[in-house]
Amino acid sequence: MIDQETIQRIMDTARIEEVIGDFVSLKKRGANHIGCCPFHNEKTPSFYVSPSKGIFKCFGCGEAGDVVAFLKKHEHFTYPEALRWLAEKYHIEIHEEEQTQEQKEKQSERDALFHVSEFAQKYFADLLYNDEMGRAVGLAYFRGRGLSDEVIKRFGLGYCLEEWSNFTDHALKSGYSDAVLEKTGLTIYKEDTGKRYDRFRGRVMFPIYSISGRVLGFSGRVLSSEKQAAKYVNSPDSEIYNKSRILYGLYQARTAISKANKCYLVEGNIDVISMHQSGVENTVASCGTSLTTEQIRLIKRYTPNVTVLYDGDAAGIKAALRAVNLLFAEGMHVRVVLFPDGEDPDSYAQKYGSTQLQEYLSSHEDNFVMFKTRVLFDEVKNDPIRKAELVKDTVNTIALVPDLIERTEYIAQCSHLLDVPEDVLSSELAKAINQNRQKSYEQAPATQPQPTETVEDQAETAKPVQHPVATEPLLCERHLISLLLNFGDKTISRTIKAEDGSEVMIENTVAELIVADLQQDELFFVDPLCQRIYEYYCDTMADGKMPDATYFVTIDDESLRAFAVSLMLDTYRVSDSWKEKGIYIPKVEDNLGQDVIESLLSFKIHCVDDRIADNARRFRMVTNEDDMMMLLAEKKNLIDLRQQLGRALNRVIS
């Protein structure tokens, strides 16, 4: 258990914009930060982070909460795991009792998979430097590839001894179970012989990390000359690892990608590491798979700009062409760099050095659509049938580009290159776009899971939070509740008349004034979420305590949490040009007392309106003359009350 004092220290130290900024590319907008939501796929940013209030809110899918809620949702952490992650990030020491073997066995399967993966990474990394064979084989290989000790340790590289079950035996002695070792794929169990052996024996090890730096799995490269052995072996899919949803090197590259607003995409792990060592740290690779939509969306969290690096041979060119449609379909801006035939990013960096590598990248970037068109056009030559196929293929690619201006520019350039009139290409483009729309319409009923970095991070398809339609009365209710949440503990002064006619200055908190006034008139809220928040304030104040709005930031009820956070988060800002012109827009705090009084009066007017409407409904249903007279008298009193409230609000109400 983490004691309450430590929890408070963690929460006081953690800066939500820094934590979320590790996973989402944020831009400052006024007092808030804004970015694309990591919990659902969106092109227009609707994800807000408020540093001053320590909360986040997505106005697209409704996700909301504090820094711990974000980590629990994004990383699928438990509450203690999120706190430990924050404590490690901010170097806060946590004192906990050593877990017993019984407690270890009671841990969830998912936690156990993480623990054994991290245990394995440390073990392999230790062998690389502290074991004779590790140094002679594994470390010698990495140094032979030109890797420095600094970059080796940064990527957590290691070595698995070429022995039948060295790692498995060590893990079992350390308290890890057969089942956990088998589920991670670190150990292979043969049922027919009953023997266990290490999956990665005799291989150099590349650990694969989540965005938050947790070890999810491994990629192992064989060093022996045995022809039957696969060059690379990857961890099998598990509860925490899915190679199609992970990018190798993203944990180390995410900050550089965001800063450069560009991501270099390469083929292999060594290419990634070599690029990082050469100073090109905004580089990632797919984990032994063809590029997937989920991987592209991971990149898009940090930048829409991708430069694909491939070998200059025929296989590299074909691989580049296969990736283009997926990238454009996700709205990415794509460029390509082809290395000289026989070279790849790693070999080029080793041969020419980091300076020349960076110069080559900047001078050989090419627009992907134009690159594809030129490459295929060279193959077509003067064959009219193949040229027609090329035109359709090129147009189909352009049709995936979401931006109209970008599509128009591509059509103009391809028209010149292919010697085909622009209107012909535009006509084909319109057909392709319509076909894509028809396909999307036909596939619409099928719900697809939203992309996340790993299986551990999978989130349900985002669904907008449903609230009652925001009519004027409901907006009035929500404004009152927002005053409670944002300024409930603020003190305001007001003047009232005493019984002797003199004026007396009194002070109340905003919460005291609102709750007392509404309770006196026995008023309630129509919006059930508003009513629940109001009841919390009533109950807490009845116990003599001042309510804490952060209660709703951490509450388990997702709909109530999202609703409360949306009322606490101010997404508006004053343009700097207004300030330059000397135009001052008062803040809510500047006229808080007046705002509270006017909001209460407006709320009461709407309550009276509801009672007048109810009076009219009842009047239409009665036939007894006495009942009619009673309802007419009630209506007159309500109208008089409405007019009194209007005068107090300086409104003319009929």
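The values are calculated or read from the model by the stated rules, or taken from the named source; none is laboratory data. Not measured: the values here are computed from a predicted model. Cβ atoms come from the backbone with ideal geometry, glycine included; neighbour counts cover every protein chain shown.
Numbers below:
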{"read-out": "Lone qualifier among Ile317, Ile299 - being modelled with pLDDT of 80 or more and not aromatic (Phe, Trp, Tyr)", "value": "Ile299"}
{"read-out": "Near pairs, Cβ below 6 angstrom, 6+ apart or cross-chain, from region 502-515 (assigned to a helix (DSSP H, G or I)) to any residue that is at pLDDT 80 or above and among the small types (Gly, Ala, Ser)", "value": "Val510/Gly488; Ala511/Gly488"}
{"read-out": "Condition check for Asp378: acidic (Asp, Glu), assigned to a helix (DSSP H, G or I) and touching a helix residue (DSSP H, G or I) at 6+ places or on another chain (Cβ under 6 Å)", "value": "no"}
{"read-out": "Which numbered condition Thr303 misses (of (1) crowded, with 20+ Cβ neighbours inside 10 Å; (2) touching a helix residue (DSSP H, G or I) at 6+ places or on another chain (Cβ under 6 Å); (3) among the β-branched types (Val, Ile, Thr))", "value": "(1)"}
{"read-out": "Qualifying residue in region 350-360 (condition: of a type in the set (Ser, Thr, Tyr), in the same structural domain as Leu309 (by TED's automatic domain parsing) and more than 35 Å from the chain's Cα centre (by Cα))", "value": "yes"}
{"read-out": "Qualifying residues in region 271-296 (those that are among the β-branched types (Val, Ile, Thr) and part of a helix (DSSP H, G or I)) - the one nearest to Arg154 (Cα to Cα)", "value": "Ile273"}
{"read-out": "Cβ-Cβ under 7 Å pairs, at least 6 apart or on other chains, region 598-627 side touching a residue at least 12 places away in the same chain (Cβ under 8 Å), far side part of a helix (DSSP H, G or I) and among the small types (Gly, Ala, Ser)", "value": "Leu601/Ala648; Ile605/Gly646"}
{"read-out": "Region 123-147 residues that are not assigned by TED's automatic domain parsing to the domain that holds Ser354, paired with ones that are surrounded by fewer than 21 Cβ atoms within 10 Å (Cβ to Cβ) and hydroxyl-bearing (Ser, Thr, Tyr) (beta carbon under 8 Å, 6 or more apart)", "value": "Arg135/Tyr129; Leu139/Tyr129"}
{"read-out": "Qualifying positions in region 243-270 - among the β-branched types (Val, Ile, Thr), assigned to a helix (DSSP H, G or I) and under 24 Å from the mean Cα position of the chain (by Cα)", "value": "Thr255, Ile257"}
{"read-out": "Whichever residue in region 350-368 is assigned to a helix (DSSP H, G or I) and touching a strand residue (DSSP E or B) at 6+ places or on another chain (Cβ under 7 Å) and, among such residues, is surrounded by the most Cβ atoms within 10 Å (Cβ to Cβ)", "value": "Phe368"}
{"read-out": "Condition met for Val608 (surrounded by fewer than 18 Cβ atoms within 10 Å (Cβ to Cβ) and either at pLDDT 80 or above or within 44 Å of the chain's Cα centre (by Cα) (or both))", "value": "no"}
{"read-out": "Search result, residues across region 597-646 that are under 19 Å from Asp527 (Cβ atoms) and of a type in the set (Val, Ile, Thr)", "value": "Ile605, Val608"}
{"read-out": "Scope region 335-349; condition of a type outside the set (D, E, K, R), surrounded by 18 or more Cβ atoms within 10 Å (Cβ to Cβ) and in contact (Cβ under 8 Å) with a residue 12 or more places away in the chain; matching residues", "value": "Val336, Val337, Leu338, Phe339, Pro345, Tyr348, Ala349"}
{"read-out": "Some residue of region 430-449 being crowded, with 19+ Cβ neighbours inside 10 Å and either touching a His at 6+ places or on another chain (Cβ under 8 Å) or at pLDDT 75 or above (or both)", "value": "no"}
{"read-out": "Complete set of residues in region 148-174 that are of a type in the set (Phe, Trp, Tyr) and either surrounded by 21 or more Cβ atoms within 10 Å (Cβ to Cβ) or under 36 Å from the mean Cα position of the chain (by Cα) (or both)", "value": "Phe155, Tyr159, Phe167"}
{"read-out": "Residue among Thr187, Thr193 that alone is closer than 24 Å to Gly213 by Cα, free of Cβ contacts under 8 Å to residues at least 24 places away in the same chain and either in the same structural domain as Tyr348 (by TED's automatic domain parsing) or hydroxyl-bearing (Ser, Thr, Tyr) (or both)", "value": "Thr187"}
{"read-out": "1 or more residues within 18 Å of His115 (Cα to Cα) and either at pLDDT 90 or above or among the basic types (Lys, Arg) (or both): qualifying helices (runs of 4 or more DSSP H) within region 149-195", "value": "166-173, 178-184"}
{"read-out": "Filtered residues of region 341-392 (kept if under 30 Å from Ser427 (Cβ atoms) and of a type in the set (Ser, Thr, Tyr))", "value": "Thr373"}
